[in-house]
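Report on the structure given below.
The values are calculated or read from the model by the stated rules, or taken from the named source; none is laboratory data. Treat the numbers as computed from the prediction; the structure is a model and nothing was measured. Here Cβ is always computed from backbone atoms with ideal geometry, including for glycine, and neighbour counts include all displayed protein chains. The area values use the complete protein model at the heavy-atom level, side chains included, leaving out ligands, DNA and RNA. Shrake-Rupley method; radii C 1.70, N 1.55, O 1.52, S 1.80 Å.
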Amino acid sequence: MNYNHIVSNILHHEKQMAMADELNTATEYIQHTLEKAAKASIPVCRICSRSKLWWTPELTKAYKELREARSTMHGWMKDFHMPSILLAHQAQSLKKSTIQLVKKTKNEYYHKLVDNATNQNIWTFQKWMLNSRTYTSPPMDHGEGITPAISHSQKCEVLWKHLFPEPPNLEDEPALDLSHDPEDLEYTSITKREVKDAIFSAAQLNTPGISRLTGRAWRWAWSVMEDTIYNLVRLCADSRYHPKAWRTSIAVALQKPNRDYTKPWLYRLIQLLEVLGKTLERVQAWRLAYLAAKYKLFPSTQYGGITGRSAQDAVLAVTHDIEVAWNHDQAATMLTFNITGFFDSIPHSHLINTL
C-alpha cells in the first residue's frame, strides 16, 4: 500500500464515510510517512542533564580549539618532561575567551527570549528564579503494613494503581439513545478552514506523543499534504470514529507543588497525545462551545471553559456580591466544593443523550 492508494481509495475528497480499519490504516501510514521524513531530514536531539538551549556552533568550535590546545600542552609536558610557558599561556587565553563567549551567548539568548515574549510564554520566565534542581522521588507509601515502593518499577506500579483506577460502577446510568430526533441540529461536515485553524493554533514546540511529531512538523506537512490531512480529519468526524493511534498516549506523572511526595495521590497525570488527534478534538470542542453559547445552554454563573470568560470574571462577580451584601448591612457566606473524581463519575450516556 502506497501514498497514492491511500489518497485515491480511502481519503478521496468525494468520499463521505469510511470504515474503522480504513481510517486506522490511513492514520498510521500518514504518521509513519512523516516520521520517516523527519528522521531523514532532522538530526536527533539527544536531551541529557547537560543540554543547553543557548548552545551554538561557535561554542562547539571554541571548546574544540580549547581541548586541542590543552592536549598539545599535555603532550609537550609528556614528551619533554617540562612545562611550556607559551602553550600554557595559549591554553589559558583560550579558556578565558571561551568563558566570555559562553556568557555573551547566554546573555544574547535570554535577552532575545524576553524581547520576543508573548502573552502565552511570558509567565514561564518566573521559573528562572526557582531552584531547578531535581531529586529522586522518595519511597511511596501505598497502604498500612505494606513495604513502601523504592525502585523505579515499584513506584510505576503504585502510580498506575492510583492514577489509573477502575471506572466506577455508576448507578441508574441511562441507556445510550442515538435515535434520530426531529429537534436534533443538522450536522455539517468539518471545513478545511477549521482544520487549518486547529493545527496552526496548536503550540509549535509542544511535547510530542509517541510519534515524536510536534505541532511545527504538522504545520510543515500541511503545506504539502493539505487535502490529505483535511480529508482524514473530515472522514473521522463524519464516520464518528477516533483512530487508535490518536487514542494511544504517553502518560507522565508530575508532582503537585509543595506536597508530601510519599503519597501517590499527590501526583497528577498529563497525557501526551498526537497533534492530529487533538486537532479533531479541538474542532469538535469549538463547535460544541459555539452551539452551547448560541442556544444559551451555559448558566450565567459559569465561567470555566467558555470563550470570553475567565477566573478574573468569577473573582469580580464574587467581589461584587460581597460588596452588595455589605452595602445592605448583610453578611455574605460562600461555600466551595472540591469533588474528587468528578469527571470520572459523570455518566457518558447522560451527556450524549443531553447533547
FRET efficiency for Thr188 and Ile146, using Cβ-Cβ distance with R0 set to 56 Å, rounded to 0.05: 0.50
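Could you give the accessible area per residue of the range 68-207, probe 1.4 Å, as a whole number in Å²?
85
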Taking the range 135-238 and dividing mean pair separation by its residue count, relative contact order in percent (alpha carbons under 8 Å, at least six apart): 17
GNM top mover of Ala203, Ala253, Ala314 - the chain, alpha-carbon springs below 10 Å: Ala314
Protection proxy ranking, peptides 13-26, 169-182, average beta carbon neighbours within 10 Å, highest first: 13-26, 169-182
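Taking 8 Å as the Cα distance limit and 6 or more residues as the minimum spacing, I'd like the relative contact order of the range 6-107 as a percentage.
Working: 37 pairs, mean separation 23.6, N = 102.
Normalised by residue count, the contact order of the range 6-107 is 23 percent.
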Which listed pairs, of Lys52/Lys95; Lys161/Lys263; Lys52/Lys196, have C-alpha distances above 21 Å, in listed order: Lys52/Lys196
Per-selection Kirkwood Rh - the range 56-193 (Cα, Å, 1 d.p.): 23.8
Where N is the number of residues in the range 175-253, Cα Rg divided by 2.2 N^0.38 Å: 1.36
Where a label projected 7 Å from the Cα of Ser239 along Cα→Cβ would reach, residues of the range 26-40 with amide N under 15 Å: 26-31
Cut-off 20 Å (backbone N to label point 7 Å along Cα→Cβ of Asp260), residues of the range 321-355: 340
Candidate lysines - alpha carbon under 19 Å from Lys244, same-chain residues fewer than 8 apart omitted: Lys278
Stokes-Einstein D in µm²/s, Kirkwood radius over Cα pairs - the range 298-347 at 25 °C with 0.890 mPa s viscosity: 185
Solvent-accessible area, 1.4 Å probe, carbon plus sulfur percent, for the chain: 57
Using alpha carbons only: equivalent-ellipsoid semi-axes of the range 74-118, gyration tensor based, whole Å: 40, 8, 4
Compactness of the chain - radius of gyration and Dmax, Cα, Å: 28.4, 97
Full-stretch length increase - Ala117, Lys36 - with 0.36 nm per residue and alpha-carbon distance subtracted: 25.8 nm
Cα gyration tensor shape of the range 35-126, rounded if a/c is under 1.5, else prolate or oblate by comparing a/b with b/c: oblate
Whole-angstrom gap from the range 159-211 to the range 234-296, using each part's C-alpha centre: 7
Percentage relative contact order, the chain, counting C-alpha pairs under 8 Å, at least six apart: 21
Residues of the range 56-81 with amide N under 16 Å of the 7 Å Cα→Cβ point at Ala88: 70-81
Within a Gaussian network of the chain (alpha carbon springs, distance under 10 Å), most fluctuating of Ser151, Ser249, Ser211: Ser151
Where labels lie 7 Å past Cα in the beta-carbon direction, separation of Leu272 and Asn4 in nm: 3.7
Per-selection metrics, the range 271-355 (Cα): Rg and Dmax in Å: 17.6, 56
R0 of 30 Å, Cβ-Cβ distance Asp313-Tyr110: FRET efficiency to nearest 0.05: 0.30
Debye intensity ratio in log₁₀ form over the Cα atoms of the range 198-352, taken at each q of 0.09, 0.18, 0.19, 0.20 Å⁻¹: -0.49, -1.32, -1.36, -1.38
